[in-house]
Each structure stands twice: as C-alpha cells, then as structure tokens.
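J.: Structure in structure tokens, see below.
Since every read-out is calculated from the coordinates, none of them should be taken as a lab result. None of these values were measured; they are calculated from a predicted model. Don't worry about glycine lacking a Cβ; one is built from the backbone with ideal geometry, like all the others, and counts go over all protein chains shown.
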Amino acid sequence: MKSSCLELFTKKWSVATQVSRGQDAIVQAKWLKFVSVDVSITIEPLLLGLDAGELEVLLLARQIAPDWVIIDERLARRVAFAMGLPIKGTLGVMLAAVLAGLLSKQEALDDLRELVERGIRIAPRWQNWFEMEIGAA
C-alpha cells in the first residue's frame with residue numbers, strides 16, 4: 001500500500017545521517033515516516049559497491065513498491081533499474097515539485113545553483129536538461 005507521506009527508508013539512521021544540512025528539520029518533519037527494512041542483509045553492501053543506506057533503500061523499495069525510489073548515485077540507480085524499481089534523482093524530485101506548484105521555477109533554478117555551489121556533483125548535461133525542463137514547465 002502506498003502512503004501519501006514521503007517514506008524515508010532507514011535502518012540505524014543510515015540514510016538520515018547522510019544528510020548534514022537540515023537534518024533536524026528532516027527528523028522532525030510530520031510528512032516523513034521513518035521505517036526499517038524487514039529483510040536482513042546477507043551480503044556486505046560494499047561488495048556490490050553500494051553503501052549500507054543505498055542497499056537498505058533498494059531492499060525496502062522492493063518490499064513496499066513506492067511510487068519513486070530517490071537515488072542519485074550512478075551505481076545505486078543502475079541496481080534499482082535492474083531491480084525494476086521506479087527511480088528519481090534530486091533533479092527529478094525538484095521538477096516534480098515545480099509541476100505540482102510546490103516550488104516556483106525560479107526557486108528550483110536557484111536551488112540547483114546552490115546545490116552546485118555547495119559541491120554537489122551534478123553533471124552539466126543534467127543541469128542543462130533541468131533548465132530546459134523547467135523552461136518548458
């Protein structure tokens with residue numbers, strides 16, 4: 001059953017602790033639901049090239065069939081795709097927010113610039129794609 005809230009998949013806070021800026025707001029947000037993976041991990045995530053949080057997200061997504069699995073790392077996205085999971089990255093979520101009226105086009109473009117300025121790696125081709133999609137929205 002799909003939930004109307006955003007579910008952040010975590011076990012031992014492995015995903016939440018990867019967020020540095022705004023972590024307190026994430027933990028306190030009423031629209032987030034923290035859940036644990038019911039599957040025990042039998043393989044070391046590093047053997048697959050994934051970190052523990054990414055592997056937990058993928059396992060839980062397979063378990064609950066969400067609308068989207070939000071993953072930016074290339075290898076984790078490839079694994080999610082191979083598992084048949086619906087994938088969105090940061091820019092895809094931001095575009096969905098613009099289309100839903102939750103962010104203005106200018107806010108989304110400003111947020112993209114801020115992400116890049118803060119050292120988040122977003123390939124120029126994806127930045128260009130995002131800017132074109134925002135312009136068309």
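J.: Collect residues whose amide H, placed 1.01 Å from N in the peptide plane, falls under 5 Å from the amide H of VAL35; neighbours closer than 5 in sequence don't count.
T.: Residues meeting the amide H criterion: LEU8, THR10.
J.: Could you give the length gained by full extension between GLN127 and SER104, i.e. 0.36 nm per residue of separation minus their alpha carbon distance, to one decimal place? Don't skip to the end; give the middle numbers.
T.: Numbers: separation 23, 0.36 × 23 = 8.28 nm, distance 1.68 nm.
Fully extending the segment from GLN127 to SER104 adds 6.6 nm.
J.: Can you sort GLU133, GLU114, GLU107 so the residue with the fewest Cβ neighbours within 10 Å comes first?
T.: In order of increasing Cβ crowding within 10 Å: GLU114, GLU107, GLU133.
J.: Where does each of ASP51, ASP67 land when they are ranked from fewest to most other beta-carbon atoms within 10 angstrom?
T.: Values: ASP51 17, ASP67 10.
Sorted ascending by nearby Cβ count, the order is ASP67, ASP51.
J.: For PHE81 paired with ALA136, estimate the spin-label separation in nm (one decimal), with each label point 7 Å from Cα along the Cα-to-Cβ line.
T.: 1.9 nm
J.: Follow-up. How large is log10 of I(q)/I(0) for segment 90-136 at q = 0.26 Å⁻¹ when the intensity is taken from the Debye formula with one equal scatterer per alpha-carbon?
T.: After summing over all Cα pairs, the log10 values are -0.96.
J.: Another question, then. For every other residue with a beta carbon closer than 13 angstrom to the beta carbon of MET94, add +1 if it is Lys or Arg and -1 if Asp or Glu, then tell me the sum.
T.: Cβ neighbours under 13 Å give a net charge of -4.
J.: When only Cα pairs under 8 Å and 6 or more residues apart are kept, what is the percent relative contact order across segment 52-130?
T.: 21 percent
J.: Sticking with this structure for a sec: Counting other Cβ atoms within 10 Å, which trypsin sites (Lys or Arg not before Pro) in segment 39-137 have at most 10 and lie in a DSSP loop?
T.: Passing both the DSSP loop test and the Cβ count: ARG118, ARG121.
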